[in-house]
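The values are calculated or read from the model by the stated rules, or taken from the named source; none is laboratory data. Since we're looking at a predicted model, the values are computed, not measured. Note that we place each Cβ from the backbone using ideal geometry, even for glycine, and neighbour counts take in every protein chain shown. Side chains included, ligands, DNA and RNA excluded: accessible areas come from the protein's heavy atoms. Shrake-Rupley method; radii C 1.70, N 1.55, O 1.52, S 1.80 Å.
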Amino acid sequence: MYKYKGITFDLDGTILDTIEDITDGINGAARICGLSDYTIEEAKYLAGSGVDVLIQGCLNKKNASSDMFDKMKAAYMDCYGKCRANKTKPFDGIFEVLDELKANGIKMAVFSNKPDCDTQAIIKNYFGEGYFDIVLGKKDGVRIKPYPEGSIPILENFGLDKNEILYAGDTSVDMDTATNIGLDSIGVLWGFRKEDELRAHGAKFIISSPKEILDIFQKR
């Protein structure tokens with residue numbers, strides 16, 4: 001019998017390597033707004049807290065006026081919507097781990113700060129319909145992670161005690177989200193951020209490959 005019976009995954013940088021498409025979306029918007037390109041490394045630290053924070057961070061990085069916010073956000077949503085499946089791919093080993101968890105009856109969710117329309121489309125594209133028990137992106141009127149309220153439908157769907165659920169992610173926002181919900185957290189090192197950030201925000205487990213998730217499930 002596993003100690004944990006459910007797991008919630010962040011999307012970007014945790015189950016899917018999305019950073020090249022995110023960067024291309026940012027740069028497409030930047031060009032429309034007359035700004036220079038951003039690097040992948042810059043994008044890793046701009047992404048993770050939702051589109052509004054992403055766009056404001058992009059403008060701040062170039063010392064650009066906030067008056068450009070609406071134009072750049074609209075351009076980003078359009079550009080990213082067109083390129084979001086061009087270069088994105090599952091991280092090596094993630095499918096094998098997810099399939100093993102499913103085979104053992106583990107409940108699985110995706111919880112992202114990416115707009116819900118993009119979250120649903122990307123998950124459907126790479127995993128098909130119904131692969132996860134529930135998939136949630138950012139919805140109007142619901143505060144983004146690390147605020148916990150967006151997780152309520154996941155907890156209701158799982159029907160498990162919080163001490164039976166893990167939360168896996170790659171940023172400080174994810175670790176804070178797990179803490180705010182009341183879940184044990186897994187910080188993954190193959191994503192957008194570094195180990196020191198994850199540890200500083202309370203990661204219970206730190207792992208460097210997806211297969212280590214299975215080891216955590218086997219801990220008593």
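Couple of notes before you dig in:
- When we screen 184, 215 for residues that are open to solvent by 10 Å² or more (accessible area, probe 1.4 Å) and at pLDDT below 95, the only hit is 215.
- In the stretch 187-200, residue least open to solvent (accessible area, probe 1.4 Å) [restricted to those that are touching a residue at least 24 places away in the same chain (Cβ under 8 Å) and farther than 19 Å from residue 216 by Cα]: 192
- All of (1) within 24 Å of residue 96 (Cβ to Cβ); (2) surrounded by 24 or more Cβ atoms within 10 Å (Cβ to Cβ) hold for residue 177 with one exception: (1).
- Taking the numbered list (1) open to solvent by 50 Å² or more (accessible area, probe 1.4 Å); (2) under 15 Å from the mean Cα position of the chain (by Cα) in turn, residue 22 passes all entries but (1).
Residues are listed down the side, and each one gets a yes or a no for (1) part of a helix (DSSP H, G or I); (2) buried (at least 17 other Cβ atoms within 10 Å of the Cβ); (3) of a type in the set (A, V, I, L, M, F, W, C); (4) in contact (Cβ under 8 Å) with a residue 60 or more places away in the chain:
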residue: 42; (1), (2), (3), (4): yes, no, no, no
residue: 52; (1), (2), (3), (4): yes, no, no, no
residue: 60; (1), (2), (3), (4): yes, no, no, no
residue: 86; (1), (2), (3), (4): no, no, no, yes
residue: 95; (1), (2), (3), (4): yes, no, yes, no
residue: 101; (1), (2), (3), (4): yes, yes, yes, yes
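- Screening the stretch 103-130 for residues that are polar (S, T, N, Q) and touching a residue at least 60 places away in the same chain (Cβ under 8 Å) and picking the one that is surrounded by the most Cβ atoms within 10 Å (Cβ to Cβ) gives 112.
- Yes/no for residue 118 being within 21 Å of residue 48 (Cβ to Cβ), assigned to a loop (DSSP other than H, G, I, E, B) and out of contact with any Leu (no Cβ under 7 Å at 6 or more places or on another chain): no
- Whether a residue is at pLDDT 95 or above and within 16 Å of the chain's Cα centre (by Cα) was assessed, and residue 168 passes this test.
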